[in-house]
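Structure first, then comments.
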Amino acid sequence: MELAFKILKTTRQNILDFLDALSIEQVNKIPSGFSNNVVWNAGHIVATQQVLIYGLSGTPFFTSEDFVSRFRKGTKPEELISEVDLNEIKMLLSTTAEQIQKDYSDQIFGDFKPYTTSYNMHLTSVEEAIAFNNVHESLHFGYMKALGKNLSS
């Protein structure tokens with residue numbers, strides 16, 4: 001599991017570095033041909049981690065239910081994100097990466113409810129969910145980078 005947590009933290013740092021290089025206007029922009037923006041993807045990464053790992057193991061979210069509701073699968077940007085909201089997302093990208101490793105080490109996760117993702121991966125344990133979460137986060141970081149290349153169009 002150490003490798004999975006190392007990948008998570010590296011991906012999250014890459015995302016934070018990417019976000020730090022963009023303005024609030026840029027992270028909120030939905031380029032032509034896209035259905036969401038950079039900041040929605042960042043929030044979605046955090047929300048999905050909470051649902052896949054905490055939710056499916058019957059463990060309360062580390063984030064608020066409202067945050068998860070705003071960014072979970074099936075949502076889209078409904079309003080512009082403020083600097084305050086962006087800073088919260090950045091903070092959560094950092095703190096939830098650390099928290100999940102601590103929570104796993106402390107063995108707080110309960111019985112895992114098996115789940116088949118839209119990626120067609122059948123997850124049967126919290127360890128599988130943690131590993132798959134890294135795939136999901138990398139996929140959305142790729143979306144963020146594609147959005148970033150289209151911000152001037």
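Brief remarks on what is shown
- Helix 38-49 vs. the chain, principal-axis angle (Cα, 0 to 90°, nearest 10): 10
- Helix content alone sets the calculated 222 nm mean residue ellipticity of the chain: runs of n ≥ 4 DSSP H residues at -39500 (n - 2.57) each, divided across all residues, give -19500 deg cm²/dmol.
- Within a Gaussian network of the chain (alpha carbon springs, distance under 10 Å), most fluctuating of 90, 102, 29: 102
- Cut-off under 5 Å, modelled amide H: who pairs with residue 123 long-range: 115, 116, 117
- Counting only alpha carbon atoms, the long axis of helix 83-105 and the longest principal axis of the chain meet at about 20°.
- Accessible area per residue, Å², segment 64-140 with all protein chains present, probe 1.4 Å: 60
- On a per residue basis, segment 1-63 carries 41 Å² of accessible surface, using protein heavy atoms and a 1.4 Å probe.
- Accessible-area composition of the chain, carbon plus sulfur, in percent [1.4 Å probe]: 53
- Dipole magnitude for the chain: about 460 debye, using +1 per Lys or Arg Cβ and -1 per Asp or Glu Cβ, origin at the Cα centre.
- FRET efficiency for the residue 87 to residue 121 pair, using the beta carbon distance and R₀ = 35 Å, is estimated at 0.60.
The values are calculated or read from the model by the stated rules, or taken from the named source; none is laboratory data. Keep in mind that what you see is a predicted model, and the values were worked out from it rather than measured. Glycine also receives a Cβ, built like all others from the backbone with ideal geometry; neighbour counts cover every protein chain displayed. Note: accessible area is taken over every heavy atom of the protein model, side chains too, but ligands, DNA and RNA are not part of it. Shrake-Rupley method; radii C 1.70, N 1.55, O 1.52, S 1.80 Å.
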